[in-house]
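Worksheet: the structure to be examined is printed underneath.
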Amino acid sequence: MIINNIHILTRNLSLLFALLIPALSYSQTETDTVLLKRNLNPLVVSAERNPTLYSQAMRVVQVINREEIRQLPVQSLDKLLEFVSNVDIRNRGTFGMQSDASIRGGSFDQTLILLNGVNLSDPQTGHHNLDLPVDLASIERIEILQGPGARIFGPNAFNGAINIITSGESKQRLSASAMGGEHVVYRFSANAAFKLKNTRHSISTTAAGSDGYIENTDFKSKNIYYSGGLKLAKSSLEIQGGYTMKDFGANSFYTPKYPNQFEATRTAFASASLKPLSGKGSLSVYWRRHHDRFELFRNSPPSWYAGHNYHRTDVFGSNGNYLVFRNKHWKSSIGYDFRYEKIISNKLGDSLPKPIVIPGESKNYIFGKEKLNAGLFAELGYYNGKFSLSGGLLMNYHEMETGRISVYPGIDAGYEFARNYRLYITANRTLRMPTFTDLYYNDPSSSGNPELKPEEAYSFETGVKYSKRGINGQILGFRRYGKNMIDWVKEAETDKWQAMNLTNVTLSGFEVSGNLQLAEITSNNYPVKSISFGYCYLSASKSSDDYLSRYVLDILQHKADLRIVHSIYKGLSASWSLSWQDRLGGYIPFEGGIAGTTEVPYAPYFLLDGRLSYTFKRCNFYIDANNLLNESTVDFGNVPQPGRWIMAGVRVDILK
């Protein structure tokens, strides 16, 4: 049945967009991003399906550009996002081995992860969403869209989306870097970009590892990433692909009862986008494969242990966008998104008709499942001087939904009531589909639920934004009424974790944030180059007093962030990232594999990272210090994070 559905949908969508291809151009998901050029004013924002000026945008979009990434004391994507306002990074592993990203109090499964607009979210579990084969040096900017984005990106952009944009430049570039430090940590990377006739190419590779900061926290990782472009007579073709591998000790990751856990993941993906030069649309296809091997016992398993968990997921997708018309005041677009997900496993899904041999192992995949999701989008925008209005909807088809086709509308309005000040208000309906883990995972401590319903929510937001060259800021409030919210919960420590639809979880929040690029406002010789700050407050209708919750209810109630970059003398500069985090909820502490009797609340903490950097000609030398205050931090119960960690490195721009 599902194969027939795929054939029918593919045929119909292909016929529809065959008519549109002559007019297609910029990729759909690229046009759903912020096109940031720091020294140009005004900024062009495409956080909606119809690109508009940043001053007219009716959504909160935060951008971290290449220059900031190079200056900040970070070595991995999760560390970079740690200090972004209203983004919650819950770490188990270090250096990106496993971290969960969520926005505005949502779960890690409710945040969509995109690479150059391609949806690379993992259908098995959001724990693998950040398994991306991209080196920080390859990233041009990162765009964080806050608030529901179903009518823009489709399902799972429940609370927002994070879009990583790599460099699309055509000039020649060649650089290499090396880093080392405490706990025998190392990281080597190389990046190159060049142009051949009407083609451009970019490639990067990275290798990293460490012996670990405590027992069984060692890791090794490697990745390679390629992107390229081909200019044709009336269009351009852009391709990208990559591969990443991670092997890491998973000390108490999923249960503190057995701390000697281990995990190995492998991720490969490829995509192609047709971008005709007319500027009216796009057509993209993509594929992603993810392997996951989880070992509850890394060494000396007990006699009752049945063996490791093996999972392989494949995702095939396509999306397109077409600008129907645009004039002085009106813009309208339509689009589609098609996504097919499949898993084979020895743990998740329904029984397979015939076992499939796991390559390199003496076990078989014996379970499997397929899911199909398809959506049609439409959006209409009106812009008239100080007033703007945008409305749209997603018609979504999914086999798990009762009526098969559901409608998710949204509307945004904004008004410039004073020079550079804009009042906005938004209302959206959004959804998130259960993962394969939500539906089928079962072990002695956890039980999935094949009867889970999709999560749904109505979200409302209002705020005031200030936008001027070199200065951006906003103050806002929002409220989300969630229905059928999915979480792993239990009422007592002796119970199993159960995947459940928690009904009527209402989340409210307040945020104030800003960014000052002082080099653009004042003389370039001003010592302080940039300041970013933010504070957010969240409250939920439920707390862990009712349930022991793994995810949904353990939100960051308070989070304050500050980032400063400043010069010291000539080529010597420094950057500082400070975050104060206070999380709701708690956990039962384990000691020696034995559970305690009382729930311990998560303790608030300050996290301070710093970098001292010296640039000489084409070389940049730096010393990084993570957790300078040597705070004891816990994002997940019984998984302690490292204390102060010192490392040093060098980056050489051979061609620039």
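Along the charge dipole of the chain, pointing to its positive end and built from +1/-1 on Cβ of Lys, Arg, Asp and Glu, which listed residue (A101, G385, Y466) has its Cα farthest out? Towards the positive end, the residue furthest out is G385. For K222, a cut-off of 20 angstrom between C-alpha atoms picks up these lysines, skipping any fewer than 8 places away in its own chain: K79, K246. Here the Karplus relation 6.51 cos²θ - 1.76 cosθ + 1.60, evaluated at θ = phi - 60°, turns the backbone of the stretch 280-295 into coupling constants of 10, x, 6, 8, 9, 10, 7, 9, 9, 10, 9, 9, 9, 10, 10, 10 Hz, with x for every Gly and Pro. Taken one residue at a time, the phi angles of the stretch 356-364 give Karplus couplings (6.51, -1.76, 1.60, θ = phi - 60°) of 10, 5, 7, x, x, 10, 9, 10, 10 Hz. Gly and Pro are set to x.
Tell me the net charge near P444. Cut-off is 11 Å between Cβ atoms, P444 excluded, with +1 for each Lys or Arg and -1 for each Asp or Glu. Local net charge: +1. Distant-in-sequence amide contacts of F253, defined by a placed amide H-H separation under 5 Å and a gap of 5 or more residues or a different chain, comprise Q261. The Cα-based radius of gyration and maximum Cα-Cα distance (Dmax) for the chain are 23.9, 73 Å.
If I take every Cα pair under 8 Å that is 6 or more residues apart in the chain, average their sequence separation and divide by the length, what percent do I get for the relative contact order?
12 percent.
Of the chymotrypsin sites (Phe, Trp or Tyr not before Pro) found in the stretch 390-437, not one falls in a DSSP loop while having at most 10 other beta-carbon atoms within 10 Å. The spacing between the stretch 425-499 and the stretch 341-407, judged by their C-alpha centroids, is 17 Å.
Between N364 and I358, the built amide H atoms are under 5 Å apart, and every one of these is 5 or more places off in sequence or on another chain. Looking at N129, S318, L237, which one has the Cα that reaches farthest to the positive end of the dipole of the chain (charges on Cβ: Lys, Arg +1; Asp, Glu -1)? Going by the Cα projections, it comes out as L237. Ranking of I568, I162 by neighbouring Cβ atoms within 10 Å, starting from the fewest: I568, I162. Electrostatic tally near L77: other residues with Cβ closer than 12 Å to its Cβ, Lys and Arg +1, Asp and Glu -1, net -3. Working from the Cα coordinates of the stretch 582-656, the gyration tensor eigenvalues give, after taking √(5λ), semi-axes of 39, 12, 10 Å in decreasing order.
Taking a straight line from the alpha carbon of K490, these aspartates and glutamates sit under 18 Å away, with near neighbours fewer than eight places off in the same chain left out: D438, D443, E451, D545, D546, D554, E599. Each residue of the stretch 645-656 was assigned a 3J(HN,Hα) from its phi angle through the Karplus expression (A = 6.51, B = -1.76, C = 1.60, θ = phi - 60°), giving 9, 9, 8, 9, x, 9, 10, 10, 8, 5, 10, 9 Hz with x at Gly and Pro.
Treating only the Cβ atoms of Lys and Arg (+1) and Asp and Glu (-1) as charged, compute the dipole magnitude of the chain about its Cα centre; round to the nearest 20 debye.
It comes to approximately 2920 debye.
In a DSSP loop and with at most 10 other Cβ atoms within 10 Å, the chymotrypsin sites (Phe, Trp or Tyr not before Pro) in the stretch 260-308 are W304. Our helix-only sum for the chain, with -39,500 (n - 2.57) per DSSP H run of n ≥ 4 divided by its residues, gives a mean residue ellipticity at 222 nm of -1500 deg cm²/dmol.
For a footprinting-style exposure proxy, rank L439, L431 by other Cβ within 10 Å, fewest first.
Values: L439 21, L431 24.
In order of increasing Cβ crowding within 10 Å: L439, L431.
Across the stretch 159-198, the relative contact order, built from alpha-carbon pairs under 8 Å that are at least six residues apart, equals 40 percent.
Fewest-first ordering of V528, V639, V357 by other beta carbons within 10 Å of each residue's beta carbon gives V357, V528, V639. What number, in percent, do you get for the relative contact order of the stretch 524-623 if the mean sequence gap of Cα pairs under 8 Å and at least 6 apart is divided by its residue count? Answer for the stretch 524-623 is 24 percent. When the Cα gyration tensor is reduced to axis lengths a ≥ b ≥ c, the ratio a/c is 1.5 or higher for the stretch 137-287, and with a/b not above b/c it is classed as oblate. Can you classify the stretch 140-209 as rounded, prolate or oblate using the Cα gyration tensor, where a ≥ b ≥ c are the square roots of its eigenvalues, rounded means a/c under 1.5, and otherwise it's prolate if a/b beats b/c and oblate if not? Oblate, since a/c reaches 1.5 and b/c is not below a/b.
FYI, it's all coordinate maths here, none of it is from the lab. This one's a predicted model, so the numbers in the text were calculated from it and none came from an experiment. Please note: Cβ atoms are built from the backbone with ideal geometry, for glycine as well, and neighbour counts cover all protein chains shown.
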